[in-house]
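Remarks on the structure that follows.
The values are calculated or read from the model by the stated rules, or taken from the named source; none is laboratory data. All values derive from a computational prediction rather than experimental measurement. Every residue, glycine as well, gets a Cβ built from its backbone with ideal geometry; the counts of neighbours run over all protein chains shown. Side chains are part of the model used for accessible areas, which takes the heavy atoms of the whole protein and leaves out ligands, DNA and RNA. Shrake-Rupley method; radii C 1.70, N 1.55, O 1.52, S 1.80 Å.
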Amino acid sequence: SFYLRLMKMNYQNMNKDKQLSRAGFISVTASAILATSQIAVGVEDETAEATGLPSAPSTSSEIAPSVQSITRSIDGCPKPIPGKPNNCIATSNIKQLDTYSPPWTFDDSMSGDEAFARLKGIVKKSSEVGGQSYNIIEIDEKGRYMKIETPRGIGFNVIDSVEFVVRADDQVVIFKSSEKPGEDGSTSGLSDFGANRKRIEELRKSSGGAFQVMGSGLGTA
């Protein structure tokens, strides 16, 4: 084979002046294997170009974007406008305390998919027996993203929009709950009197302890 001929040729060249040592033989063998693999890849690529057939896929970890998880994100609340209510809370509004709400956390014994299933379960349960009407607008299983809409409550002719994303690597659930703008992009201009914040907390509590508020255990024994 080509491999044996290449190794023999290198062996003969090294033995012109002195006998090949064991370390030298190992070095020659390794070089021959490396050269053979490089030539084999080149031949395979040339054959693919000539025949029009696809070459074998690379085993490099850099060429595998399809197997990586999809990361979804959620926009934060807009900056408050003086004199107008900002009916919105979000986990990303860290610098705006009036619109910030800490993420939920879940135990490392629960996978991201299990946490997402639990989240969908509490939304469904709240709709069925909790007296709250949740209309699921979008569910992205791969991105572990869910968007729901719900009437704010009695006395409000307003629809609120709630988004969730489960971040498996960080073991957190991020979210945003805000008034859904009208078709013209405007909002009611009426305060929600804490309805969005209260709704998020009620959903978390209905998880039966599966979801905790991030930082809630700090300072406790």
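Points worth noting:
- Qualifying residue in segment 147-162 (condition: at pLDDT below 95, on the phi < 0 side of the Ramachandran plot, outside any strand (DSSP E or B) and touching a Gly at 6+ places or on another chain (Cβ under 7 Å)): no
- In segment 66-80, the qualifying residues are those that are more than 20 Å from V172 (Cα to Cα) and open to solvent by 100 Å² or more (accessible area, probe 1.4 Å), and the one that is modelled with the lowest pLDDT is S66.
- Pick from segment 178-221, criterion loosely packed, with under 11 Cβ neighbours inside 10 Å and aliphatic (A, V, I, L, M), ranking: modelled with the lowest pLDDT: A221
- Number of residues in segment 110-129 that are open to solvent by 50 Å² or more (accessible area, probe 1.4 Å), at pLDDT below 95 and within 17 Å of G209 (Cβ to Cβ) equals 1.
- Inter-residue pairs, beta-carbon under 6 Å, first within 12 Å of V162 (Cβ to Cβ) and in segment 135-148, second part of a strand (DSSP E or B) and open to solvent by less than 50 Å² (accessible area, probe 1.4 Å), 6+ apart: N135/E149; I136/I148; I137/E149; Y145/V165; M146/F164; K147/E163; I148/V162
- For segment 112-142, the set of residues classified as part of a helix (DSSP H, G or I) and of a type in the set (S, T, Y) consists of S126, S127, listed by residue number.
- Any hit, segment 163-182, residues being of a type in the set (A, V, I, L, M), on the phi < 0 side of the Ramachandran plot and over 25 Å from the mean Cα position of the chain (by Cα): no
- Segment 181-201 residues that are part of a helix (DSSP H, G or I), paired with ones that are open to solvent by 40 Å² or more (accessible area, probe 1.4 Å) and not β-branched (V, I, T) (beta carbon under 8 Å, 6 or more apart): A195/F156; R199/Q132
- Count - residues of segment 143-177 that are under 27 Å from I70 (Cα atoms) and open to solvent by less than 20 Å² (accessible area, probe 1.4 Å): 15
- Filtered residues of segment 86-109 (kept if open to solvent by 50 Å² or more (accessible area, probe 1.4 Å) and either within 25 Å of D169 (Cβ to Cβ) or not in a helix (DSSP H, G or I) (or both)): S92, I94, K95, Y100, D107, D108, S109
- All of A117, A168 fail the test of being farther than 26 Å from P181 by Cα and in contact with an Asp or Glu (Cβ under 9 Å, 6 or more places away or on another chain), apart from A168.
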